[in-house]
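Please read the structure below before turning to the comments.
The values are calculated or read from the model by the stated rules, or taken from the named source; none is laboratory data. Please read these numbers as outputs of a predicted model, since none were measured by experiment. Here the Cβ positions follow ideal geometry from the backbone for every residue, glycine too, while neighbour counts run over all protein chains shown.
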(Lines give C-alpha, C1' and ligand atoms only; values in the text may rest on other atoms or scores of the structure.)
Protein backbone atom coordinates (compact mmCIF):
# COMPACT_ATOMS: atom_id res chain seq x y z
CA UNK A 1 0.00 0.00 0.00
CA UNK A 2 1.36 3.40 -0.95
CA UNK A 3 2.00 5.71 2.02
CA UNK A 4 0.52 9.20 1.71
CA UNK A 5 3.11 11.68 0.48
CA UNK A 6 5.56 8.97 -0.57
CA UNK A 7 7.33 9.34 -3.91
CA UNK A 8 8.63 6.61 -6.14
CA UNK A 9 11.30 6.85 -8.80
CA UNK A 10 10.74 5.02 -12.06
CA UNK A 11 13.61 2.76 -13.17
CA UNK A 12 15.65 3.90 -16.14
CA UNK A 13 15.30 1.54 -19.11
CA UNK A 14 17.89 1.53 -21.89
CA UNK A 15 17.78 -0.54 -25.06
CA UNK A 16 20.78 -1.14 -27.31
CA UNK A 17 20.07 -2.81 -30.65
CA UNK A 18 22.23 -3.25 -33.74
CA UNK A 19 19.86 -4.86 -36.19
CA UNK A 20 20.50 -7.16 -39.14
CA UNK A 21 18.65 -6.27 -42.33
CA UNK A 22 18.82 -2.46 -42.22
CA UNK A 23 21.91 -2.08 -40.07
CA UNK A 24 24.07 -5.16 -40.55
CA UNK A 25 27.05 -6.07 -38.43
CA UNK A 26 28.20 -8.69 -40.95
CA UNK A 27 28.34 -8.48 -44.75
CA UNK A 28 28.55 -11.20 -47.40
CA UNK A 29 29.25 -10.27 -51.01
CA UNK A 30 27.66 -13.36 -52.49
CA UNK A 31 29.43 -15.04 -55.40
CA UNK A 32 31.18 -12.33 -57.42
CA UNK A 33 31.85 -14.77 -60.29
CA UNK A 34 28.79 -15.42 -62.47
CA UNK A 35 30.42 -18.21 -64.49
CA UNK A 36 34.18 -18.85 -64.76
CA UNK A 37 37.16 -16.57 -65.24
CA UNK A 38 40.64 -17.25 -66.58
CA UNK A 39 43.23 -15.31 -64.61
CA UNK A 40 45.46 -13.96 -67.38
CA UNK A 41 47.47 -11.59 -65.16
CA UNK A 42 51.02 -12.77 -64.50
CA UNK A 43 51.72 -10.04 -61.93
CA UNK A 44 49.42 -8.65 -59.27
CA UNK A 45 47.04 -6.13 -60.87
CA UNK A 46 46.32 -2.67 -59.52
CA UNK A 47 43.04 -2.17 -57.66
CA UNK A 48 41.60 -0.46 -60.73
CA UNK A 49 42.08 -3.72 -62.63
CA UNK A 50 41.06 -6.09 -59.84
CA UNK A 51 39.38 -9.26 -61.08
CA UNK A 52 36.78 -8.97 -58.30
CA UNK A 53 35.61 -6.10 -56.12
CA UNK A 54 32.80 -4.98 -53.85
CA UNK A 55 32.66 -1.22 -53.74
CA UNK A 56 29.14 -0.07 -52.85
CA UNK A 57 26.69 -0.58 -49.97
CA UNK A 58 29.11 -2.89 -48.22
CA UNK A 59 29.62 -1.24 -44.85
CA UNK A 60 28.89 -2.50 -41.34
CA UNK A 61 26.06 -0.01 -40.94
CA UNK A 62 25.06 -1.44 -37.57
CA UNK A 63 28.32 -0.08 -36.12
CA UNK A 64 27.64 3.55 -37.02
CA UNK A 65 25.44 4.29 -34.02
CA UNK A 66 27.40 1.97 -31.73
CA UNK A 67 30.75 3.56 -32.58
CA UNK A 68 29.32 6.99 -31.70
CA UNK A 69 28.61 5.74 -28.16
CA UNK A 70 31.73 6.21 -26.03
CA UNK A 71 30.62 3.34 -23.79
CA UNK A 72 30.90 0.79 -26.61
CA UNK A 73 34.29 -0.75 -27.49
CA UNK A 74 34.76 -3.12 -30.44
CA UNK A 75 37.73 -5.48 -30.26
CA UNK A 76 37.38 -7.83 -33.26
CA UNK A 77 36.30 -7.87 -36.92
CA UNK A 78 36.69 -11.08 -38.92
CA UNK A 79 37.31 -11.27 -42.67
CA UNK A 80 37.05 -14.31 -44.95
CA UNK A 81 37.93 -14.86 -48.63
CA UNK A 82 36.50 -17.82 -50.58
CA UNK A 83 37.83 -18.75 -54.04
CA UNK A 84 37.21 -21.93 -56.05
CA UNK A 85 39.97 -22.98 -58.47
CA UNK A 86 38.75 -25.15 -61.34
CA UNK A 87 42.04 -25.60 -63.16
CA UNK A 88 45.64 -24.56 -62.46
CA UNK A 89 46.61 -25.44 -66.06
CA UNK A 90 50.39 -24.94 -66.37
CA UNK A 91 50.79 -22.45 -63.52
CA UNK A 92 52.20 -23.89 -60.27
CA UNK A 93 50.15 -21.61 -57.98
CA UNK A 94 47.45 -18.94 -57.89
CA UNK A 95 48.53 -15.88 -55.90
CA UNK A 96 45.85 -13.89 -54.08
CA UNK A 97 45.47 -10.68 -52.10
CA UNK A 98 42.39 -9.23 -50.41
CA UNK A 99 42.83 -5.50 -49.87
CA UNK A 100 40.61 -2.79 -48.44
CA UNK A 101 40.58 0.71 -49.98
CA UNK A 102 44.06 0.47 -51.56
CA UNK A 103 46.89 -1.96 -52.22
CA UNK A 104 49.74 -1.50 -49.76
CA UNK A 105 51.07 -3.28 -46.68
CA UNK A 106 48.76 -1.46 -44.25
CA UNK A 107 45.60 -2.19 -46.27
CA UNK A 108 46.30 -5.83 -47.19
CA UNK A 109 43.98 -8.04 -45.18
CA UNK A 110 44.84 -11.47 -46.61
CA UNK A 111 47.51 -12.65 -49.07
CA UNK A 112 49.22 -15.86 -50.12
CA UNK A 113 49.02 -18.57 -52.77
CA UNK A 114 47.23 -21.85 -53.52
CA UNK A 115 48.80 -24.80 -55.34
CA UNK A 116 45.79 -27.10 -55.85
CA UNK A 117 42.26 -27.01 -57.23
CA UNK A 118 39.02 -26.88 -55.26
CA UNK A 119 37.34 -24.42 -52.91
CA UNK A 120 39.87 -22.40 -50.92
CA UNK A 121 38.99 -20.48 -47.75
CA UNK A 122 41.25 -18.12 -45.82
CA UNK A 123 40.27 -15.93 -42.89
CA UNK A 124 41.79 -13.47 -40.46
CA UNK A 125 40.90 -11.91 -37.14
CA UNK A 126 41.41 -8.12 -37.32
CA UNK A 127 41.95 -6.03 -34.21
CA UNK A 128 44.02 -3.07 -33.01
CA UNK A 129 47.20 -5.19 -33.16
CA UNK A 130 46.45 -7.25 -36.30
CA UNK A 131 45.72 -5.20 -39.46
CA UNK A 132 45.24 -2.07 -37.30
CA UNK A 133 44.75 0.42 -40.17
CA UNK A 134 41.91 -1.53 -41.78
CA UNK A 135 40.38 -2.34 -38.40
CA UNK A 136 40.25 1.38 -37.57
CA UNK A 137 38.60 2.12 -40.93
CA UNK A 138 35.95 -0.58 -40.63
CA UNK A 139 34.81 -0.21 -37.04
CA UNK A 140 33.12 3.11 -37.80
CA UNK A 141 30.62 1.25 -40.00
CA UNK A 142 30.85 3.31 -43.20
CA UNK A 143 31.13 1.71 -46.64
CA UNK A 144 34.60 0.66 -47.77
CA UNK A 145 35.90 -0.66 -51.09
CA UNK A 146 37.23 -4.24 -51.20
CA UNK A 147 39.35 -5.77 -53.97
CA UNK A 148 40.52 -9.31 -54.77
CA UNK A 149 43.78 -9.31 -56.73
CA UNK A 150 44.85 -12.56 -58.45
CA UNK A 151 47.82 -13.55 -60.60
CA UNK A 152 49.58 -16.70 -61.80
CA UNK A 153 52.85 -17.52 -63.55
CA UNK A 154 51.45 -18.47 -66.96
CA UNK A 155 48.15 -16.59 -67.07
CA UNK A 156 45.98 -19.69 -67.39
CA UNK A 157 44.32 -20.47 -64.02
CA UNK A 158 40.52 -20.82 -64.11
CA UNK A 159 38.32 -19.86 -61.14
CA UNK A 160 34.54 -20.21 -60.70
CA UNK A 161 33.79 -18.64 -57.31
CA UNK A 162 34.88 -15.58 -55.33
CA UNK A 163 33.30 -14.30 -52.10
CA UNK A 164 34.24 -11.63 -49.57
CA UNK A 165 32.74 -11.96 -46.08
CA UNK A 166 33.51 -9.71 -43.13
CA UNK A 167 32.03 -8.22 -39.98
CA UNK A 168 31.76 -8.26 -36.21
CA UNK A 169 33.04 -11.65 -35.12
CA UNK A 170 36.05 -13.89 -34.76
CA UNK A 171 38.01 -16.43 -36.71
CA UNK A 172 37.75 -19.41 -34.44
CA UNK A 173 39.08 -22.96 -34.34
CA UNK A 174 38.70 -23.53 -30.62
CA UNK A 175 35.85 -24.32 -28.28
CA UNK A 176 35.99 -21.09 -26.30
CA UNK A 177 37.86 -17.80 -26.07
CA UNK A 178 38.89 -17.26 -22.47
CA UNK A 179 38.79 -13.60 -21.47
CA UNK A 180 39.16 -12.18 -24.98
CA UNK A 181 36.03 -10.22 -25.85
CA UNK A 182 34.45 -9.33 -29.20
CA UNK A 183 33.02 -6.15 -27.73
CA UNK A 184 32.39 -4.48 -24.37
CA UNK A 185 29.70 -2.04 -23.29
CA UNK A 186 30.41 0.10 -20.21
CA UNK A 187 26.83 0.30 -18.97
CA UNK A 188 27.65 0.75 -15.30
CA UNK A 189 26.00 -1.20 -12.50
CA UNK A 190 22.57 -2.31 -13.71
CA UNK A 191 20.24 -5.23 -14.31
CA UNK A 192 20.08 -7.06 -17.62
CA UNK A 193 16.42 -7.84 -18.30
CA UNK A 194 16.66 -9.22 -21.83
CA UNK A 195 19.24 -9.95 -24.50
CA UNK A 196 19.21 -11.39 -27.98
CA UNK A 197 22.00 -12.34 -30.38
CA UNK A 198 21.46 -13.61 -33.90
CA UNK A 199 24.69 -15.33 -34.86
CA UNK A 200 26.12 -17.93 -37.20
CA UNK A 201 29.16 -19.95 -38.11
CA UNK A 202 30.32 -19.17 -41.67
CA UNK A 203 32.59 -21.94 -42.94
CA UNK A 204 32.95 -25.65 -43.51
CA UNK A 205 33.50 -26.95 -39.98
CA UNK A 206 31.05 -28.61 -37.65
CA UNK A 207 29.91 -28.19 -34.10
CA UNK A 208 28.01 -25.58 -32.13
CA UNK A 209 28.41 -21.82 -32.02
CA UNK A 210 28.29 -20.25 -28.57
CA UNK A 211 27.69 -16.65 -27.56
CA UNK A 212 28.16 -15.73 -23.91
CA UNK A 213 27.57 -12.40 -22.19
CA UNK A 214 29.96 -11.88 -19.29
CA UNK A 215 30.68 -9.28 -16.64
CA UNK A 216 34.37 -8.33 -17.02
CA UNK A 217 34.41 -6.85 -13.52
CA UNK A 218 33.60 -10.21 -11.96
CA UNK A 219 34.79 -12.56 -14.72
CA UNK A 220 31.56 -14.53 -14.54
CA UNK A 221 29.03 -15.40 -17.20
CA UNK A 222 25.85 -13.32 -17.12
CA UNK A 223 23.92 -15.48 -19.54
CA UNK A 224 24.76 -18.22 -22.04
CA UNK A 225 23.09 -20.75 -24.26
CA UNK A 226 24.65 -23.57 -26.24
CA UNK A 227 23.27 -23.48 -29.77
CA UNK A 228 22.21 -26.41 -31.90
CA UNK A 229 24.44 -27.23 -34.87
CA UNK A 230 24.50 -24.38 -37.36
CA UNK A 231 24.75 -25.57 -40.99
CA UNK A 232 28.10 -25.08 -42.72
CA UNK A 233 27.79 -22.14 -45.07
CA UNK A 234 30.35 -20.33 -47.20
CA UNK A 235 27.86 -18.30 -49.20
CA UNK A 236 25.07 -15.92 -48.30
CA UNK A 237 23.66 -17.09 -44.99
CA UNK A 238 20.44 -19.01 -45.44
CA UNK A 239 17.73 -18.30 -42.87
CA UNK A 240 18.40 -21.66 -41.22
CA UNK A 241 22.07 -20.77 -40.76
CA UNK A 242 21.38 -17.80 -38.48
CA UNK A 243 20.48 -18.82 -34.95
CA UNK A 244 18.78 -16.75 -32.29
CA UNK A 245 20.02 -16.84 -28.70
CA UNK A 246 17.72 -15.33 -26.07
CA UNK A 247 18.10 -14.68 -22.38
CA UNK A 248 16.20 -16.06 -19.41
CA UNK A 249 13.31 -13.85 -18.29
CA UNK A 250 14.80 -13.27 -14.85
CA UNK A 251 16.84 -10.11 -14.33
CA UNK A 252 20.58 -10.60 -14.18
CA UNK A 253 22.90 -8.39 -12.16
CA UNK A 254 25.61 -6.56 -14.12
CA UNK A 255 28.66 -4.99 -12.50
CA UNK A 256 30.27 -2.12 -14.43
CA UNK A 257 30.05 -3.50 -17.99
CA UNK A 258 28.79 -6.22 -20.35
CA UNK A 259 31.09 -8.05 -22.78
CA UNK A 260 30.59 -10.72 -25.44
CA UNK A 261 32.69 -13.87 -25.82
CA UNK A 262 32.21 -16.39 -28.62
CA UNK A 263 33.43 -19.81 -29.67
CA UNK A 264 32.46 -23.17 -31.01
CA UNK A 265 33.89 -23.46 -34.52
CA UNK A 266 36.13 -26.41 -35.37
CA UNK A 267 38.03 -25.21 -38.45
CA UNK A 268 40.63 -22.43 -38.38
CA UNK A 269 39.05 -20.61 -41.32
CA UNK A 270 35.52 -20.65 -39.91
CA UNK A 271 34.10 -17.33 -38.77
CA UNK A 272 31.72 -16.78 -35.89
CA UNK A 273 29.60 -13.81 -36.95
CA UNK A 274 27.03 -11.63 -35.19
CA UNK A 275 24.22 -10.34 -37.41
CA UNK A 276 22.09 -8.70 -34.69
CA UNK A 277 22.88 -7.73 -31.12
CA UNK A 278 20.35 -6.39 -28.67
CA UNK A 279 19.88 -6.07 -24.94
CA UNK A 280 17.74 -4.15 -22.43
CA UNK A 281 19.21 -2.87 -19.19
CA UNK A 282 17.46 -1.34 -16.19
CA UNK A 283 18.72 0.99 -13.49
CA UNK A 284 16.59 1.36 -10.35
Testing residue 146 on (1) within 23 Å of residue 64 (Cβ to Cβ); (2) surrounded by 21 or more Cβ atoms within 10 Å (Cβ to Cβ); (3) at pLDDT 85 or above; (4) over 17 Å from the mean Cα position of the chain (by Cα), one condition comes back false. Which one is that? (4)
Those residues of segment 121-140 that are buried (at least 19 other Cβ atoms within 10 Å of the Cβ) and over 18 Å from residue 170 (Cβ atoms) come to a total of 0
Would you check which residues across segment 188-197 are modelled with pLDDT of 70 or more and surrounded by fewer than 20 Cβ atoms within 10 Å (Cβ to Cβ) and list them? 188, 189, 191, 193, 196
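May I ask you to verify whether residue 117 is modelled with pLDDT under 95 and either surrounded by 15 or more Cβ atoms within 10 Å (Cβ to Cβ) or touching a strand residue (DSSP E or B) at 6+ places or on another chain (Cβ under 7 Å) (or both)?
On the way: modelled with pLDDT under 95: no; either surrounded by 15 or more Cβ atoms within 10 Å (Cβ to Cβ) or touching a strand residue (DSSP E or B) at 6+ places or on another chain (Cβ under 7 Å) (or both): yes.
No: the conditions fail for residue 117.
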Given the criteria within 24 Å of residue 275 (Cα to Cα) and either in contact with a strand residue (DSSP E or B) (Cβ under 6 Å, 6 or more places away or on another chain) or at pLDDT 95 or above (or both), does residue 94 qualify? no
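Quick one: is residue 170 part of a strand (DSSP E or B), modelled with pLDDT under 85 and touching a strand residue (DSSP E or B) at 6+ places or on another chain (Cβ under 6 Å)?
Numbers: part of a strand (DSSP E or B): yes; modelled with pLDDT under 85: no; touching a strand residue (DSSP E or B) at 6+ places or on another chain (Cβ under 6 Å): yes.
Taking the combined requirement at face value, the residue does not satisfy it.
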Among (1) surrounded by 16 or more Cβ atoms within 10 Å (Cβ to Cβ); (2) more than 24 Å from residue 129 (Cα to Cα); (3) out of contact with any strand residue (DSSP E or B) (no Cβ under 7 Å at 6 or more places or on another chain), there is one condition residue 59 misses while meeting the rest; what is its number? (2)
